[in-house]
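The values are calculated or read from the model by the stated rules, or taken from the named source; none is laboratory data. Since the structure is predicted, the reported quantities are computational estimates derived from the model, not experimental observations. Cβ atoms come from the backbone with ideal geometry, glycine included; neighbour counts cover every protein chain shown. Protein only, heavy atoms only, side chains kept; ligands, DNA and RNA dropped before computing areas. Shrake-Rupley method; radii C 1.70, N 1.55, O 1.52, S 1.80 Å.
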Amino acid sequence: MLVIGIEGTAHTAGVSVVSGDGDVLSNLFRTYMEKEGIHPREAANHHAAKIVPLIEESIHEAGIERGDIDLVAFSQGPGLGPCLRTAATAARTLSLSLNVPLVGVNHCIAHLEIGRLKTDAEKPVLLYVSGGNTQVIAFKKGRYRVFGETLDIGLGNMLDKFGRERGMPFPAGPTIEEKAKKGEKLLELPYSVKGMDVEFSGIMTSALNKDATLEDICYSLQETTFAMLTEVTERALAHTRKEEVLLGGGVVQNRRLQEMIGKMTEERGAAYHVPEPEFCIDNAAMIAWTGYLMYDSGTSISVEESHIKQKFRTDEVEVTWR
Ligand code: ATP
Ligand code: FE2
């Protein structure tokens, strides 16, 4: 069985072909580069221009013909309306023209499922930290449930906003990581954990107002926010009695975050897994693969039911494949 997946929740337009055996035959993407924060309509225009060539290239790179495709999967949400609509329109058109079924995939769950496919993780707690999302997710009683999340913005967006104010290029995460390596003084920033949830806006405002070297500020930003994430992830492990942490989302490429999660899991006798970068960031392979799992367990939707869900909740999805 061959599945084509289309991703388009935020900055990334991606198209991938994956087989039912879990082989990723192609996984291509183009990223919309923001200047002053993401502009949903501009990002959607970017995706509209890139998706058709990406479909062609992805099919070509996979070494298959259009007619070989058995299923179309797309990112149904959560995400930015105009971006989601663009990806959904491409997916509907493709499904109708190839006369194959359509599946709408929850983007956050897809990060978890590609991690289970691409690492040794089996029953993990997922720490998903990207631009727009920050969530701790685990499977419990038939659903993927959110054990903790950001109450305001995603950590990546916060880092990008901070970086923009300080003249760093987009995305700022990697530059902040480099600067942080040279920082040594831990500045006091508001450590904002509320129950199992976290908040980042206050930390950013405080960081922007610090009178200190940029290196020390970046160092303190990372130490504080990563410690918050580590604390919440550890509590989710304890609560669910799980023994594996899976990392997902663009921010988890950060070595310092990996180190902190690594230390916490080691101290608990647990394990942690990080997928290859191409499967950490937003990618269409995760949409194709989760689409396959859903379809294989009896889920598909009609074009009429394929409306996008900007606020698609992780626990809305009935998990038929586990
Ligand atoms: P979404 O929120 O819809 O999943 P996204 O467009 O934010 O999507 P990702 O590719 O998952 O997509 O993540 C991009 C984010 O990751 C950016 O905010 C970027 O600054 C951050 N990032 C990338 N590398 C690093 C790093 N080394 N350290 C910290 N943050 C990083
Ligand atoms: Fe994502």
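Partner lysines whose Cα lies under 17 Å from the Cα of residue 185, excluding those fewer than 8 positions away in the same chain, are identified as 210. A cut-off of 5 Å between modelled amide H atoms, ignoring neighbours fewer than 5 places along the same chain, links residue 26 with 17.
Need the full-extension length gain, residue 35 to residue 60, defined as separation in residues times 0.36 nm minus the C-alpha distance. One decimal, nm. Walk me through the numbers on the way to the answer.
Numbers: separation 25, 0.36 × 25 = 9.00 nm, distance 3.24 nm.
Taking 0.36 nm per residue and subtracting the Cα distance, the gain is 5.8 nm.
Distance between Cα centroids, the stretch 250-315 to the stretch 1-76: provide it in whole Å. The stretch 250-315 and the stretch 1-76 have Cα centres spaced 16 Å from each other. Here's the list of lysines a cross-link from residue 123 could span, going by alpha-carbon distance under 17 Å and ignoring same-chain residues fewer than 8 apart: 140, 141, 242. Here the accessible area is traced with a 1.4 Å probe on the protein chains. For the stretch 123-274, carbon and sulfur cover 46 percent of it.
If I compute solvent accessible area with a 1.4 Å probe over the protein chains, what percent of it on the stretch 40-80 is carbon and sulfur? Walk me through the numbers before you get to the answer.
Working: 930 of 1860 Å².
The nonpolar share, carbon plus sulfur, comes to 50 percent.
Accessible surface area normalised per residue over the stretch 43-113 is 35 Å², counting heavy atoms of protein chains with a 1.4 Å rolling probe. For a modelled paramagnetic label at residue 239, 7 Å from Cα along Cα-to-Cβ, the residues of the stretch 296-322 in reach, with backbone nitrogen under 16 Å, are 314-316. Sparsely packed loop sites in the stretch 21-62 (the trypsin sites (Lys or Arg not before Pro) outside DSSP H, G, I, E and B with at most 13 other Cβ atoms within 10 Å) comprise 35.
Hey, for a label at residue 320 modelled as a point 7 Å past Cα toward Cβ, could you say which residues of the stretch 1-37 have their backbone N under 11 Å away? Label zone hits: none.
Which value at 222 nm does the chain reach when only helices count, each DSSP H run of 4 or more adding -39,500 (n - 2.57), with the total divided by all residues and rounded to the nearest 500 deg cm²/dmol? Each step should come with its number before you reach the end.
Values: 10 runs with 138 residues, N = 322.
It comes out at -14000 deg cm²/dmol, rounded to the nearest 500.
Over the stretch 123-274, with the other protein chains present, what is the accessible area per residue in square angstrom, probe 1.4 angstrom? Numbers along the way, then the final one.
Details: 6800 Å² over 152 residues.
The answer is 45 Å² per residue.
Extension gain residue 210-residue 70, at 0.36 nm per residue separation less the Cα-Cα distance, in nm? Taking 0.36 nm per residue and subtracting the Cα distance, the gain is 44.9 nm.
The Cα atoms of the stretch 123-274 cover 47, 27, 25 Å along the three principal axes, with the biggest extent listed first. Kirkwood Rh over Cα pairs of the chain into Stokes-Einstein at 10 °C, 1.306 mPa s: D in µm²/s? Stokes-Einstein gives a translational diffusion coefficient of 80 µm²/s. Only Lys, Arg, Asp and Glu carry charge here, each on its Cβ (+1 for the first two, -1 for the last two); on that basis the chain has a dipole of about 620 debye about its Cα centre.
Quickly rank 81-87, 110-116, 194-200 as a protection proxy: mean count of other C-beta atoms within 10 Å, highest first. Before the final figure, lay out the partial values.
Details: 81-87: 23.3, 110-116: 26.0, 194-200: 17.6.
Per-residue Cβ counts within 10 Å, averaged per peptide and sorted highest first, yield 110-116, 81-87, 194-200.
Near residue 53, once Lys and Arg are set to +1 and Asp and Glu to -1 for all other residues with Cβ below 13 Å from its Cβ, the sum equals -1.
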